[in-house]
1. Can you flag which of 77/99; 25/80; 32/80; 8/62 are past 19 Å Cα-Cα?
2. Determine ³J(HN,Hα), in whole Hz, for all residues of the range 5-12 in sequence, where each value follows from phi through the Karplus function 6.51 cos²θ - 1.76 cosθ + 1.60 and θ = phi - 60°; x replaces Gly and Pro.
3. Any idea which of 95, 13, 54 is furthest toward the positive side of the dipole for the chain, if Lys and Arg beta-carbons carry +1 and Asp and Glu beta-carbons -1?
4. What Cys residues in the chain are without a partner cysteine, judged by a Cβ distance under 4.7 Å?
5. If you take the charge dipole of the chain about its Cα centre, with +1 on Lys and Arg Cβ and -1 on Asp and Glu Cβ, which of 81, 67, 27 is farthest toward its positive end?
6. Taking all protein chains in place and a 1.4 Å probe, what share, in percent, of the accessible surface of the chain do carbon and sulfur account for?
7. Under a 5 Å amide H to amide H cut-off, with H placed in plane at 1.01 Å, what residues pair with residue 7 once short-range neighbours are removed?
8. Dipole magnitude of the range 10-61 about its Cα centre, charges +1 at Lys/Arg Cβ and -1 at Asp/Glu Cβ only, in debye to the nearest 20?
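The values are calculated or read from the model by the stated rules, or taken from the named source; none is laboratory data. The model shown is predicted, which means the values in this text are computed figures rather than measured ones. Cβ sites come from the backbone with ideal geometry, for glycine too, and all protein chains shown count toward neighbours. Side chains are part of the model used for accessible areas, which takes the heavy atoms of the whole protein and leaves out ligands, DNA and RNA. Shrake-Rupley method; radii C 1.70, N 1.55, O 1.52, S 1.80 Å.
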Amino acid sequence: MPPVHVRKGDNVLIITGKDAGKRGKVLSVEPKKSRVIVEGVNKVKRHSRPTRSMPQGGIMEKEAPIHCSNVMLVCNKCNKPTRPARTILEDGKKVRVCKKCGESFS
């Protein structure tokens, strides 16, 4: 099981599927399943029965998880999709770095 290359809060570009070309923010990551949930992408409709908190019930739209191989990290500085490189700082800390401009992802 390879590690997931994106983290919660990262901006990503969807590269395949029905939402290809869309950009969004990662809401959550499921590393064991290699899946991520991206804001505004892969919307599905769920039927919910009436509850006390939502007495109306009805059809709700929510984001469904997509495989992490279908998203690409977007650099905040150059605003281009990139594969992150890993570098080690002087204090021994590993950081992800944009391969195109060299900016680190925080």
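1. From the list (77/99; 25/80; 32/80; 8/62), the Cα-Cα distance tops 19 Å for 32/80.
2. Each residue's phi maps through the Karplus curve to give 8, 10, 10, 4, x, 6, 8, 10 Hz.
3. In the chain, that residue is 54.
4. Here 68 come out as lacking a disulfide-compatible partner, given the Cβ-Cβ threshold of under 4.7 Å.
5. 67
6. C and S fraction of accessible area: 51 percent.
7. Placed amide hydrogens put nothing under 5 Å from residue 7.
8. Once rounded to the nearest 20, the dipole reads 200 debye.
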